[in-house]
1. If you project the alpha carbons of the stretch A:199-247 onto their three principal axes, what span does each projection cover, largest first, in Å?
2. Tilt of helix B:18-28 relative to the longest C-alpha principal axis of chain B, in degrees (0 to 90, nearest 10)?
3. Per residue, how much accessible area does chain A show when a 1.4 Å probe rolls over the protein heavy atoms, in square angstrom?
4. Through the Karplus equation 6.51 cos²θ - 1.76 cosθ + 1.60, θ set to phi - 60°, convert the phi angles of the stretch B:271-281 into ³J(HN,Hα) values in whole Hz; use x for Gly and Pro.
5. If you take the accessible area of A alone, add that of B alone, and subtract the area of the pair, what total do you get in Å², probe 1.4 Å, to the nearest 100?
6. What is the set of long-range amide H partners of B:Lys66 at a cut-off below 5 Å, with H atoms built 1.01 Å from backbone N?
7. Rounded to the nearest 500, what is chain A's calculated 222 nm mean residue ellipticity when only DSSP H runs of at least 4 contribute -39500 (n - 2.57) each, over all residues?
8. Can you tell me the dipole magnitude for chain A around its Cα centre, using point charges on the Cβ only (Lys, Arg +1; Asp, Glu -1), in Debye to the nearest 20?
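The values are calculated or read from the model by the stated rules, or taken from the named source; none is laboratory data. Bear in mind that the values here come from a model prediction, so they are computed numbers and not experimental data. Here the Cβ is made from the backbone with ideal geometry for all residues, glycine too, and neighbour counts use every protein chain on show. Remember, those area values only see protein heavy atoms, side chains included, never the ligands or the DNA or RNA. Shrake-Rupley method; radii C 1.70, N 1.55, O 1.52, S 1.80 Å.
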There are 2 protein chains.
Amino acid sequence: MSGPLDGITVLALEQAIAAPLCTRHLADLGARVIKVEQPGTGDSTRHYDRTVRGLAAHFVWLNHGKQSAALDLTAPADHDLLHDLLERADVIVSNLAPGALDRLGLGVDDLAQRYPRLIIVDISGYGRGGPLDHKRAYDLLIQAEAGSCTITGLPGQPAKPGIPIADIGTALYAYSAILAALYERERTGRGAVIPIAMLDVVAEMMGFALNQVIHGGVEPEPVGMGSPMVAPYGAYPTADGLTVVLGTTSDREWRRLATDLLHRPDLAADPRYAHNADRVRERTALDEIVGVWCAQRTLAEIQQAADAAGIGNARLNGVQGLVEHPQLAARGRWRDIDTPVGPVPALLPPGLAQGWTVAAGRVPALGADTDAIRTEFASTAPNAADIGVRP
Amino acid sequence: MSGPLDGITVLALEQAIAAPLCTRHLADLGARVIKVEQPGTGDSTRHYDRTVRGLAAHFVWLNHGKQSAALDLTAPADHDLLHDLLERADVIVSNLAPGALDRLGLGVDDLAQRYPRLIIVDISGYGRGGPLDHKRAYDLLIQAEAGSCTITGLPGQPAKPGIPIADIGTALYAYSAILAALYERERTGRGAVIPIAMLDVVAEMMGFALNQVIHGGVEPEPVGMGSPMVAPYGAYPTADGLTVVLGTTSDREWRRLATDLLHRPDLAADPRYAHNADRVRERTALDEIVGVWCAQRTLAEIQQAADAAGIGNARLNGVQGLVEHPQLAARGRWRDIDTPVGPVPALLPPGLAQGWTVAAGRVPALGADTDAIRTEFASTAPNAADIGVRP
């Protein structure tokens with residue numbers, strides 16, 4: 001195993017998606033991730049379903065390559081052990097409920113003072129301060145607050161993106177902030193305190209829409225499979241019962257689409273459709289024209305013709321289509337990971353540099369590593385009550 | 001200005017969203033980003049619209065804090081200058097069309113050999129190799145191929161998430177991979193070659209759905225504003241014409257919702273709704289019950305009662321709601337950035353450590369820095385034809 005984070009130890013006081021994905025990516029790059037879980041129950045994602053031969057689909061996705069230590073942080077002995085772990089950890093990541101860290105005596109400012117080389121990541125829904133900082137935050141709630149759902153779906157029918165963007169985006173901002181802090185620590189020797197709010201993450205992702213509304217004053221309408229910015233662009237049923245997605249992103253592409261794909265030079269020359277703003281206004285008419293053309297051809301015929309005309313195109317896949325995607329198979333993106341119920345397939349993570357070996361991964365049973373970690377890290381006998389004085 | 005990337009120089013051969021957001025975040029942390037653009041046209045996003053006092057909404061969002069050098073990389077003098085820049089750069093990021101780097105004589109393997117400390121990021125739609133690696137890739141096309149759209153929307157009505165997840169996710173994986181490579185370079189002195197495929201990024205984000213289909217065999221259906229995993233959960237109109245989003249994520253929360261919020265202990269005790277799997281099956285009936293209750297109360301009443309009952313809740317905002325969001329305002333998330341048309345508001349980036357000063361930012365006019373960069377970096381007189389021999 002050789003990754004850029006070999007030798008880095010991460011403590012994860014985590015649940016659900018945002019922190020677990022962040023620390024999984026740290027593990028992917030070679031970090032040792034110790035997931036601290038509540039004895040008996042553990043991360044709530046363990047219990048979402050029993051899809052993966054008895055394990056939960058989300059949990060398997062997010063937790064391979066980690067160790068699990070079942071610790072009761074309200075009990076003095078385990079609280080002690082956590083501080084033993086903190087003495088030797090490089091990073092702590094938490095996304096517990098608002099106030100939970102403070103109630104455990106693990107306030108970020110105290111941690112920063114006590115462990116000056118530690119990188120402390122405090123993930124929350126709404127950040128510290130402000131009228132909403134006490135509120136529970138789940139992916140859907142944050143996406144709703146941040147306007148992501150009202151620009152998704154159809155007019156009058158907002159929809160939550162199926163991919164949990166708020167959680168995943170937060171994971172990735174936490175992950176990158178940790179990497180930046182590790183880079184800085186190499187040169188300064190200092191750790192960092194990194195607060196990350198899910199609301200801020202989705203707000204960042206809405207940057208284009210914010211500019212449109214702040215300066216344009218018009219609330220964007222969702223357009224289903226289309227793009228609010230360009231037209232024609234969308235999903236069109238094909239003669240063989242599949243769905244093709246295609247469209248244009250520029251006036252030049254539009255002229256190619258009209259001339260070389262639809263064989264309609266009259267459309268290319270039509271001043272009603274000359275510029276993108278014109279075509280956005282005439283979206284419905286243009287979708288109709290493209291739709292009729294696609295309905296008369298098979299997906300393969302359409303994709304071949306669109307490729308030849310230099311028009312971007314894709315197949316609308318369900319999840320099974322992604323499982324079977326030829327591009328993932330041909331490029332060796334699948335490998336097996338270990339779980340308590342045997343090996344299961346998982347994708348390699350994106351963004352690996354050539355030469356980085358990705359950690360093989362293992363999905364830990366709840367508390368699988370508690371004893372080993374206790375033996376390795378504990379500096380005091382169990383039940384030592386004095387947690388204030390550490391060597 | 002003090003950020004962890006002070007002193008790092010980034011060359012961006014970029015367009016659209018994925019690479020520009022990646023390099024903007026590098027600039028946010030203090031890196032010097034030199035955006036290399038085609039003379040005359042520049043990044044196509046410059047021309048999407050004229051919403052921000054004549055500038056494009058996307059371009060302003062993605063490009064503050066960068067310099068712009070308008071270089072014709074097919075002309076020997078500018079090609080020379082690019083190599084002068086590469087001699088002193090730490091990172092190069094590109095998301096040009098498939099094959100474009102090779103055609104410019106900038107193949108990643110050659111670059112890696114010539115500049116061993118350079119971190120080279122090669123963003124593509126489908127990766128190198130495989131049957132689709134030649135295909136154009138835009139956000140919608142990749143999301144369609146990766147199944148993201150069919151788990152969004154309503155049954156039979158797939159929708160593209162309004163937030164361009166494929167582009168943004170790719171930006172964030174590129175960004176984090178660069179940071180990991182910078183960290184590794186501190187210790188090894190070696191650069192890195194980092195290929196990133198948008199398809200792999202969205203496939204990673206679909207990890208839960210992949211597990212569901214691989215092991216469960218059932219294609220997930222989109223459920224609008226709900227969650228396919230838990231119920232009841234969704235968006236419900238309120239008596240004052242707004243929309244509240246709320247629901248439960250566990251059996252315990254369900255009992256609280258039924259008892260403390262709806263005042264329906266009979267529901268909490270009803271064995272038909274005891275477990276999450278039961279409630280998912282009875283989603284429609286439960287949505288009806290919650291919907292009737294919400295329709296009789298104002299948003300404020302509902303949110304206050306839900307907070308008191310410990311039930312997560314949110315307001316369904318449009319984009320204007322995000323612009324005016326009290327939580328962003330109260331926490332000072334807005335600041336002004338400079339543009340060629342004067343200062344405009346922009347959000348601070350997520351994930352800043354305490355003590356990191358974010359770069360003030362400036363949106364560059366096309367080629368605004370060409371002359372200064374030529375003067376600073378050029379090692380040879382313009383029109384020097386020999387690009388093979390560098391000191």
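1. Principal axes ranked by extent give 43, 23, 13 Å for the Cα atoms.
2. 80
3. Numbers: 13960 Å² over 391 residues.
On a per-residue basis, chain A sits at 36 Å².
4. Result, rounded to whole Hz: x, 5, 10, 5, 10, 4, 4, 4, 5, 4, 5.
5. Working: alone 19620 and 19590 Å², together 27910 Å².
For chain A against chain B, roughly 11300 Å² becomes buried.
6. So B:Lys66 has HN proximity to B:Arg362.
7. Numbers: 17 runs with 145 residues, N = 391.
So the calculated ellipticity at 222 nm is -10000 deg cm²/dmol.
8. Values: 34 positive and 45 negative charges, 92 e Å.
My answer is approximately 440 debye.
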